[in-house]
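Shown next, in C-alpha cells, is the structure this report addresses.
The values are calculated or read from the model by the stated rules, or taken from the named source; none is laboratory data. Bear in mind the structure is a predicted one, so any value in this text is a computation, not a measurement. Cβ sites come from the backbone with ideal geometry, for glycine too, and all protein chains shown count toward neighbours. When the accessible area is computed, the model is the full protein with side chains, heavy atoms only, and any ligands, DNA or RNA have been set aside. Shrake-Rupley method; radii C 1.70, N 1.55, O 1.52, S 1.80 Å.
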Amino acid sequence: MGSYLGHPAEIELHPVLVDSRLVPSEPLVTKEQFEAIRAYFLDQSIIQYREPVVKPKPATSTLFEPVPLAIPASVITLAWIDPVDQTLLIGSSRPPEFRVLRRGQTAAIEVHSEPVSYERVGPVRRVGLMGHFGRDFRQGQIVDFDLNEGKQQTVVDNHPRITAHRTADIDGDGNDDLFVCGFGDYPEGRVGLWWGGGATLQEDVLFEEAGSTWGEVADFDGDGDLDIIISVANARPRLLAFVNEGNRRFVPRLIVERPVGWGYNRCLVVDWDGDGRPDVVELSGNNLELRGRPLKAHYGVRVLRNEGNWKSTEVLFEHLDGAMDVAAGDFDGNGRIDLAVTAFYPDWRLPVPTTLLLLLQRTDGTVERSGIDDRYWNRWMRISAGDADGDGDIDLLLGAAQVPMAVPSEQTAHYEELLRDKASVLLLRNRTVR
C-alpha cells in the first residue's frame, strides 16, 4: 500500500509484489496521513480477526487405493485423466514439461512454460500453457498436440497468464470456438472468445482485468445457448457471468460478489442436486503466499445451487484451509455427485495438515468427510477425476507442488519430514466395482 501511495517500504520488497509502473513519483499523501491510514488498517484487522477453530482430521477413506507414480518433477501444474483413452496427462513447472502416460508408456514433451489446462478435441490434445508461473510476461499459449502424427500447433500466442480454456460451438454456427481465461497480472488480464470458422481464430474480448482464476462454458440460464462464467480473485472478488444474447453478443451479469481477501482459486460446474441445471462449486483459500497465518473462517468449499433466472443459493459449505482445486464425480456409485478438493495452504496446527478432502454426498444431500492415509500425504495442488483404468468407476489423479512457499518457518523441518520420499503424483484407484 505504501509503495502505491508514494511511501516505499523501509525493507526491500520482492519485485513481483510491486508494479513499478503504478508507483507515483511524488507522495500522494503526507507521511502523517499514511501512518494514520496504516494504523487504522492494522488496528481494525487485529480487532476483527478471529482464528478459526481447528477442523479435525478427516477419517481415512477405504474407497480408493493409492498408487504413487514416479514423475521426475517437484511442481505439478496439471494432472488430468483423458476420458477418451484413459491417458494420464501431467504438466510440470520444474522442469516445464507435458508428460503423457498411456498403457505403461511415457512420452515427455518439452514446453516453454507450465501446462495448466487440458481438453480433448477429436484426435488433438489441446493444452493451455500458463506462460510463467510467477509473473505475467504475456507468454501464455494454447497448443494443439497430435501425438499420432507427432505434430503440434500453437492456436493462441502471447496471451496474459492462462488459467483455463474450453472449446465449444458457442455461437451455434457449426464451428468450434475457443474460450480463453487469462489471469494476467495486476493491473491487466484478459478473458475472451476466439471465433472459429475462418482461416484463423478471431478474438472478442469479454473482460480486461487481472485476476481471473477460472472460467467455464455452459447453458446456465436454460435458454439453449452457451454462456460464460469466470471467477475473479483480484480487487473485487466475484463470480461473473457473460450471458449469451445471440449474434456473438454477451452481457455481463454478477452472480455473487465477495469481500476483499476472499481468496478465489479454481471452481467447477456440476449438477449437484440432479435437477438438470448447472451449479457452481466455489473454492476460496488463496493466502497470497503469506508465510503461515492468517487462516480464515470463510476458506473452503461452497456449492451454489442454480435456482434459475440467474439466482443461486448456497447449499453446502465445508471449511477447508487453503482450498485450491476440485474434481467431481459419483465416486461411491450412489447416484449423487461427490467432490475431491486439494488444499495447498493448509492448517499447520494439525500434526498432519489436511491437503486432500473427499466430500461424499449422501442421498439426502448431506456430505461425509474423508481423506487418505497419512503415508500418502503431500502438498497437493492439482486434481482431476475420471476412469483411469477402464473399469467403469471414477478414479482421481493428484499432483503436488513440493515447495516451501508459505510454510510457517517453525514448521519447515516438519514439512520436509512429511515430504521425505513422497511421489509428486498419486493415482487413487477406485475400488467400487472390483
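Summary of values
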{"item": "Region 103-119 residues that are without any contact (Cβ under 8 Å) to a residue 12 or more places away in the chain, paired with ones that are open to solvent by less than 80 Å² (accessible area, probe 1.4 Å) (beta carbon under 6 Å, 6 or more apart)", "result": "Ala108/Glu97; Ala108/Arg99"}
{"item": "Qualifying positions in region 152-183 - over 16 Å from Gly140 (Cα atoms) and not polar (S, T, N, Q)", "result": "Ala168, Asp169, Ile170, Asp171, Gly172, Asp173, Gly174, Asp176, Asp177"}
{"item": "Qualifying residue in region 252-260 (condition: without any contact (Cβ under 8 Å) to a residue 60 or more places away in the chain, among the basic types (Lys, Arg), assigned to a strand (DSSP E or B) and under 22 Å from Phe344 (Cα atoms))", "result": "no"}
{"item": "Residue match in region 82-104 (condition: surrounded by fewer than 22 Cβ atoms within 10 Å (Cβ to Cβ) and among the small types (Gly, Ala, Ser))", "result": "yes"}
{"item": "Of all residues in region 193-237 being in a strand (DSSP E or B) and polar (S, T, N, Q), the one that is surrounded by the fewest Cβ atoms within 10 Å (Cβ to Cβ)", "result": "Gln202"}
{"item": "Among the residues listed as Gly365, Gly308, Gly329, the single one being surrounded by fewer than 21 Cβ atoms within 10 Å (Cβ to Cβ) and at pLDDT below 95", "result": "Gly365"}
{"item": "Close pairs (9 angstrom Cβ cut-off, 6 or more residues apart or separate chains): in contact (Cβ under 8 Å) with a residue 12 or more places away in the chain in region 367-382, among the hydroxyl-bearing types (Ser, Thr, Tyr) and open to solvent by 30 Å² or more (accessible area, probe 1.4 Å) anywhere", "result": "Ser370/Thr60; Ser370/Thr62; Gly371/Thr60; Ile372/Thr60; Asp373/Thr60; Asp374/Thr60"}
{"item": "Hits in region 29-44 (condition: polar (S, T, N, Q) and surrounded by 11 or more Cβ atoms within 10 Å (Cβ to Cβ))", "result": "Thr30, Gln33"}
{"item": "Flag if Thr412 is in a loop (DSSP other than H, G, I, E, B), open to solvent by 10 Å² or more (accessible area, probe 1.4 Å) and either modelled with pLDDT under 95 or more than 21 Å from Gly104 (Cα to Cα) (or both)", "result": "no"}
{"item": "Which numbered condition Ser231 misses (of (1) within 30 Å of Arg21 (Cβ to Cβ); (2) over 17 Å from the mean Cα position of the chain (by Cα))", "result": "(2)"}
{"item": "Positions within region 311-326 being among the β-branched types (Val, Ile, Thr) and open to solvent by less than 30 Å² (accessible area, probe 1.4 Å), in sequence order", "result": "Val326"}
{"item": "Region 247-275, subset more than 23 Å from Thr77 (Cα to Cα), surrounded by 14 or more Cβ atoms within 10 Å (Cβ to Cβ) and of a type in the set (D, E, K, R), residue nearest to the chain's Cα centre (by Cα)", "result": "Arg258"}
{"item": "Test for Asn286: is it under 26 Å from Ala401 (Cα atoms) and open to solvent by 30 Å² or more (accessible area, probe 1.4 Å)", "result": "yes"}
{"item": "From the options Val341, Val303, residue that is farther than 29 Å from Lys422 by Cβ and either in a strand (DSSP E or B) or open to solvent by less than 20 Å² (accessible area, probe 1.4 Å) (or both)", "result": "Val303"}
{"item": "Count of residues meeting criterion [basic (Lys, Arg) and in contact with a helix residue (DSSP H, G or I) (Cβ under 9 Å, 6 or more places away or on another chain)] in region 329-375", "result": "0"}
{"item": "Any chance Glu26 is surrounded by fewer than 10 Cβ atoms within 10 Å (Cβ to Cβ), over 30 Å from Val121 (Cβ atoms) and out of contact with any strand residue (DSSP E or B) (no Cβ under 6 Å at 6 or more places or on another chain)", "result": "yes"}
{"item": "Count - residues of region 161-192 that are surrounded by 19 or more Cβ atoms within 10 Å (Cβ to Cβ), without any contact (Cβ under 8 Å) to a residue 40 or more places away in the chain and not small (Gly, Ala, Ser)", "result": "5"}
{"item": "Boolean, Gly150 is out of contact with any Lys or Arg (no Cβ under 7 Å at 6 or more places or on another chain), small (Gly, Ala, Ser), free of Cβ contacts under 8 Å to residues at least 12 places away in the same chain and open to solvent by 60 Å² or more (accessible area, probe 1.4 Å)", "result": "yes"}
